[in-house]
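Read the structure below first, then the notes.
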Amino acid sequence: MSEEKIYTGSCLCGAIRYEIHGEIGEVIQCHCKRCRKANGTAFATNAPIKKADFKIVQGEHLLKKFASTPTTARCFCSECASPIISIKAETPDTYRLRIGTLDTPLEHKPVMHIFTAYKAEWDTICDSLPQYDERP
Ligand SMILES: [Zn+2]
Ligand SMILES: [Zn+2]
């Protein structure tokens, strides 16, 4: 057997549980307005994962998709509204994980802020990570 890394995660109510059998990519703080609305927060913390690595092990029937743009589907728990992943039509083999739902500790830290041109006016970015007006 290979030494694959397995991460687990779940939504707030615990009805949806998932596993990632592989690596989690660069962690990005996204300040775009749609992420802010979807999360009710100053920014969303997202990281790319491979579709092939992602497995819902419980509660798949509760995962609801919302098309926030014609090409972006945001998938969330229909019981507790936790955002889990988003899927872009241009990159269907990559999911963007909402890493706040992870239960396994993640060793890597965020690497950048994106869409800071749209950040909440009341939010102050207090780290020295690179900031990009939109997507770099
Ligand atoms: Zn839930
Ligand atoms: Zn965003």
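The values are calculated or read from the model by the stated rules, or taken from the named source; none is laboratory data. Everything numeric in this text was worked out from a predicted model, so none of it was measured. Backbone-built Cβ (ideal geometry, glycine too); neighbour counts: all protein chains shown. What goes into the accessible areas is simple: the full protein's heavy atoms, side chains included, and nothing from ligands, DNA or RNA. Shrake-Rupley method; radii C 1.70, N 1.55, O 1.52, S 1.80 Å.
Where does each of 73-80, 3-10 land if you order them by average Cβ count within 10 Å, highest first?
Working: 73-80: 18.5, 3-10: 14.0.
Peptide ranking by packing, descending: 73-80, 3-10.
Got a number for carbon plus sulfur as a percent of the chain's accessible area, 1.4 Å probe? Mind showing how you got there, number by number?
Numbers: 4220 of 8050 Å².
Result for the chain: 52 percent of the exposed heavy-atom area is carbon or sulfur.
Determine how many Å³ per residue the convex hull of the Cα atoms of region 25-65 encloses.
Looking at region 25-65, the number lands at 100 Å³ per residue.
Let me test this: with uniform point scatterers at the alpha carbons of the chain, what is the Debye-based log₁₀ I(q)/I(0) at q = 0.22 1/Å?
At q = 0.22 Å⁻¹ the computed log10 ratios are -1.48.
Once fully extended, how much extra length lies between Met112 and Phe66, figured as 0.36 nm per residue of separation less the alpha-carbon to alpha-carbon distance?
Residue separation times 0.36 nm, minus the Cα-Cα distance, leaves 14.0 nm.
Taking 29 Å as the cut-off for C-alpha to C-alpha distance, list the pairs among Lys65/Lys119; Lys5/Lys37; Lys37/Lys109; Lys55/Lys119 that go past it.
Lys5/Lys37; Lys55/Lys119
Can you give the helix-only mean residue ellipticity at 222 nm for the chain, where every DSSP H stretch with n ≥ 4 adds -39500 (n - 2.57) and the sum goes over all residues, rounded to the nearest 500 deg cm²/dmol?
-1500 deg cm²/dmol
Give the accessible surface of the chain per residue, rounded to a whole number of Å², with probe radius 1.4 Å and ligands, DNA and RNA excluded.
59 Å²
Once both labels are modelled 7 Å past Cα along the beta-carbon direction, what's the Glu90-Leu12 spacing in nm?
Between Glu90 and Leu12, the simple spin-label model gives 3.1 nm.
Along the charge dipole of the chain, which of Pro105, Ser86, Tyr18 sits closest to the positive end, that is, farthest toward it, with unit charges on the beta carbon of Lys, Arg, Asp and Glu (+1, +1, -1, -1)?
Going by the charge dipole, the pick is Ser86.
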